[in-house]
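The values are calculated or read from the model by the stated rules, or taken from the named source; none is laboratory data. Remember, predicted model here, so these are calculated numbers, not experimental data. In this analysis, Cβ positions are derived from the backbone assuming ideal geometry, glycine residues included, and neighbour counts consider all displayed protein chains.
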Ligand SMILES: CC(C)(COP(=O)(O)OP(=O)(O)OC[C@H]1O[C@@H](n2cnc3c(N)ncnc32)[C@H](O)[C@@H]1OP(=O)(O)O)[C@@H](O)C(=O)NCCC(=O)NCCS
């Protein structure tokens, strides 16, 4: 019987990005039109969730893009603001999206966990104090909050997680 494997892979030329559909045109278009260039030029590192099954072409079922960034402490919730410099080195989850076929279950959390794991690995080598993500809207803001990110939500959809907290998130 053929086995189905889901793997996180760094975006490479052999990946077929055309079939991906997360239900949001913006995220579909970014993957199809901009991800390769961003990945190649180093503006972001793009990772894919790829489904592999014997005899069937691999299918991209999710992706995330991360990059280093400078994070300003204003706009951060108190407990994070206190722990960081006014301008701190950090990491941005620039994109994260899941194919419709996998939405509504545990795969969204899994994909986010993979993104955080990749960031923590990078921070262990190259530093960085805080992880940030800019939610698309309030629904997505609430989703990130449910996953442990903190944000004030007051005229500001940016969410934060300290890298030290992320380490605990990965190894509870
Ligand atoms: C964010 C995401 C990975 C989470 O996946 P998941 O854990 O399977 O969660 P769901 O897809 O069930 O989404 C959770 C809730 O957020 C809502 N939601 C997700 N993305 C949304 C968006 N872009 N706009 C509005 N609502 C959104 C869903 O409708 C759902 O609402 P419900 O609980 O009332 O049904 C996935 O929803 C996704 O790929 N969304 C589209 C891309 C996106 O918006 N990414 C966020 C980048 S900041």
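The figures follow:
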read-out: Residue match in segment 53-70 (condition: surrounded by 13 or more Cβ atoms within 10 Å (Cβ to Cβ) and in contact (Cβ under 8 Å) with a residue 60 or more places away in the chain); value: yes
read-out: Flag for residue 60 being more than 10 Å from the ligand (Cβ to nearest atom) and farther than 25 Å from residue 22 by Cα; value: no
read-out: Failed criterion for residue 142 (all others in (1) at pLDDT below 95; (2) farther than 28 Å from residue 12 by Cα; (3) loosely packed, with under 15 Cβ neighbours inside 10 Å hold); value: (1)
read-out: Hits in segment 1-28 - residues which are in contact with a strand residue (DSSP E or B) (Cβ under 6 Å, 6 or more places away or on another chain) and in contact (Cβ under 8 Å) with a residue 60 or more places away in the chain; value: 8, 20, 22, 27
read-out: Enumerated helices (runs of 4 or more DSSP H) restricted to segment 66-152, each holding at least 2 residues that are more than 16 Å from the ligand (Cβ to nearest atom) and either within 27 Å of residue 22 (Cβ to Cβ) or in contact with a helix residue (DSSP H, G or I) (Cβ under 6 Å, 6 or more places away or on another chain) (or both); value: 107-126
read-out: Residue selected from segment 29-52 under the condition without any contact (Cβ under 8 Å) to a residue 24 or more places away in the chain and closer than 18 Å to residue 96 by Cβ, by the criterion surrounded by the most Cβ atoms within 10 Å (Cβ to Cβ); value: 34
read-out: Neighbours by Cβ (under 9 Å, 6+ apart or cross-chain): first from segment 103-116, touching a residue at least 24 places away in the same chain (Cβ under 8 Å); second within 7 Å of the ligand (Cβ to nearest atom) and part of a loop (DSSP other than H, G, I, E, B); value: 103/22; 103/23
read-out: Any hit, segment 11-23, residues being within 15 Å of the ligand (Cβ to nearest atom) and either assigned to a helix (DSSP H, G or I) or under 23 Å from residue 125 (Cα atoms) (or both); value: no
